[in-house]
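This report concerns only the one structure given below.
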Amino acid sequence: MNKRRLAITVLAVLGILASGYLTYSHFSGEPVYCGGTNSCELVNSSRFAYIGPVPVAVLGLIAYVVILILSLIKSDEERQWPAILTFGVALIGVMFQWYLFYIEVAKLRAICYWCVSSQIIITLIFILALPRRTPVEEETE
Amino acid sequence: MKSTRRPVQSKKNAGISPTWWIVGLIAVIVGIGLIAVVGLPAAGRNAAQSSATKVLGNADAPITLEEYADFQCPACGAFARGTIKQIEEKYVANGTVKIVFRHFAFIGEESIRAAEASECANEQGKFWEMYDTLFANQGGENVGDFADDKLSAFAQGIGLDMAAFSTCFSSGKYRASIQSETANGQLRGVSSTPTSFLNDKKVVGAISMQQFETSIGPLLPK
């Protein structure tokens, strides 16, 4: 497993913890721990926290699980699809997460640490998943 | 025969394969789609999430006082026992003002439980009785004055059907709507309690009867 893929795996696990906690909090009704403020609760229960009946925390959880699974599959020149899909999921995630960050700052004026953690994690994954040229050495005459 | 070793780019890696671009494009479209869905005006969704309105007074009253409050907040208690009571007697009774209560449950778990108890009372048409009882029995914040057994005792005190109340109170079914009312209050610029809206004009704090009358002066029908 190369370092880049390993880093994505670790980040995906962290992402699962953050979004998993928000999801758990949503379904159990336990208030979100937020260091003594109610900002997390506000963000996580605002009207922007849902797509229809689905909390966005659940979407985050699904995305991280998919990235985790993809990161466990070896990608090479012959098999590029895991890397390409990771890039696709991370790109959707990064756009959506930063939009949500904009909502937190501009509309709700409340910062949810759990959400910001997730925003940083997905950004790092996205950078690691960016496509790159890989020059290889070949034996020729 | 001389063999040379030189770096070349294999054909496969000569550039970023078109698949990356296609996936990237699809991802951008899906991302924009998600943003559009979340950002859309959520009027329908809000209505579905918010609990039954808690209104006191004539539905056609020309002046609406919307009150954002937390049952644990001392200033809200003072406001409810003072100015709100006087408004009730003078302006709600004659149909000039109606009072709409909105949860702004931010002090802690006991604020949410008290709000849930009030919603369960509302199911039985006794929201305002619970409102009065809660504000009359405030103690410290999150120190057990609105513990579940106390709240159930208040429910019994105002004569609720206790079987229905207990089912409702333990279900947590109003928790999301209470939190969403609080979040929507924040969206409307509420940052402390009590905050009221007089026909949508924001008034912060436990205002006196005199301040209230000055504020509604221009709104009164001639």
Those residues of segment A:74-95 which are in a helix (DSSP H, G or I), facing chain B (nearest Cβ under 7 Å) and touching a residue at least 24 places away in the same chain (Cβ under 8 Å) amount to A:Ile84, A:Phe87, A:Leu91, A:Ile92
In segment B:162-210, anything surrounded by 14 or more Cβ atoms within 10 Å (Cβ to Cβ) and either within 13 Å of B:Glu123 (Cβ to Cβ) or among the aromatic types (Phe, Trp, Tyr) (or both) is listed as B:Phe165, B:Ser166, B:Cys168, B:Phe169, B:Lys173, B:Tyr174, B:Ser177, B:Phe197
Checked A:Tyr99, A:Tyr113, A:Tyr64 against criteria (away from chain B (no Cβ under 12 Å) and surrounded by fewer than 23 Cβ atoms within 10 Å (Cβ to Cβ)); the one match is A:Tyr113
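Conditions tested, residue by residue: (1) over 27 Å from B:Lys98 (Cα atoms); (2) polar (S, T, N, Q).
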{"residue": "B:Asp145", "(1), (2)": "yes, no"}
{"residue": "B:Tyr174", "(1), (2)": "no, no"}
{"residue": "B:Ser180", "(1), (2)": "no, yes"}
{"residue": "B:Leu198", "(1), (2)": "no, no"}
{"residue": "B:Val203", "(1), (2)": "no, no"}
{"residue": "B:Thr214", "(1), (2)": "no, yes"}
Exactly one of A:Arg79, A:Arg109 is at pLDDT below 90, basic (Lys, Arg) and at positive phi, and that residue is A:Arg109
Quick check: is even one residue across segment B:169-180 of a type outside the set (Gly, Ala, Ser), within 14 Å of chain A (Cβ to nearest Cβ) and within 17 Å of B:Glu129 (Cα to Cα)? yes
Yes or no: B:Glu116 open to solvent by 20 Å² or more (accessible area, probe 1.4 Å) and not aliphatic (A, V, I, L, M)?
no
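The values are calculated or read from the model by the stated rules, or taken from the named source; none is laboratory data. Predicted model, so just to flag it, every value in this text is computed and none were measured. Methodologically, a virtual Cβ is constructed for each residue, glycine included, from the backbone with ideal geometry; neighbour enumeration extends over all protein chains shown. Please note that ligands, DNA and RNA were not included when accessible areas were found on the heavy atoms of the full protein model with its side chains. Shrake-Rupley method; radii C 1.70, N 1.55, O 1.52, S 1.80 Å.
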